[in-house]
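Chemist: One structure coming up, written as structure tokens, with questions to follow.
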Amino acid sequence: MIMISRYRVPDEDAGAFRSQAHEAVAALAEQAGWMGGELVRSVDEHRLWALVARFDGAGTLRRSLGAMPVRMAMMTIMQWAVDEPSVYEELRPDDAGSGDLTLPGVR
């Protein structure tokens with residue numbers, strides 16, 4: 001499972017956001033099921049940031065987000081969050097039952 005949480009951060013808040021977001025990544029990294037992640041920033045739109053985290057499954061990701069250290073760390077950056085879905089499952093061509101990913105006209 002991958003969590004991609006995007007944030008729109010004004011220039012004057014970039015330093016505080018960066019520090020607090022790295023604390024959130026550190027809190028997530030302490031959780032069971034953590035497989036990696038990082039804080040990234042758009043090269044095209046410097047005010048757009050993302051916190052990316054990879055977990056070994058939906059359950060471990062959801063439990064991690066519910067852990068108090070993670071909740072406290074994530075709360076500090078929520079004021080800049082973009083309101084959109086943030087959790088994605090990885091789909092491989094040979095996965096059965098994962099839904100039809102075929103695009104019209106693409107084989």
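Chemist: Report, by residue number, each residue of region 48-73 that is without any contact (Cβ under 8 Å) to a residue 12 or more places away in the chain and charged (D, E, K, R).
Modeler: Answer for region 48-73, where residues must be without any contact (Cβ under 8 Å) to a residue 12 or more places away in the chain and charged (D, E, K, R): Arg62, Arg71.
Chemist: Mind listing whichever residues of region 7-33 are assigned to a strand (DSSP E or B) and crowded, with 18+ Cβ neighbours inside 10 Å?
Modeler: Initially, region 7-33 is screened for residues assigned to a strand (DSSP E or B), giving 7-8.
Passing the criteria: only Tyr7.
Chemist: When you look at Glu45, is it loosely packed, with under 15 Cβ neighbours inside 10 Å and either under 12 Å from the mean Cα position of the chain (by Cα) or in contact (Cβ under 8 Å) with a residue 24 or more places away in the chain (or both), yes or no?
Modeler: So Glu45 fails the test.
Chemist: Just a yes or no: is a residue in region 59-67 out of contact with any His (no Cβ under 6 Å at 6 or more places or on another chain), assigned to a strand (DSSP E or B) and not acidic (Asp, Glu)?
Modeler: No, region 59-67 contains no residue that is out of contact with any His (no Cβ under 6 Å at 6 or more places or on another chain), assigned to a strand (DSSP E or B) and not acidic (Asp, Glu).
Chemist: Oh, and also: Would you please name the residue that is nearest to Ser19 (Cα to Cα), looking only at residues in region 70-84 that are in contact with a Leu (Cβ under 9 Å, 6 or more places away or on another chain) and surrounded by fewer than 17 Cβ atoms within 10 Å (Cβ to Cβ)?
Modeler: Out of the qualifying residues, it is Arg71.
Bear in mind these aren't lab numbers, they're just calculated from the coordinates by the rules spelled out. Quick caveat: nothing in here was measured; it's all calculated off a predicted structure. Note: ideal-geometry Cβ built from the backbone for every residue, glycine included; neighbour counts use all protein chains shown.
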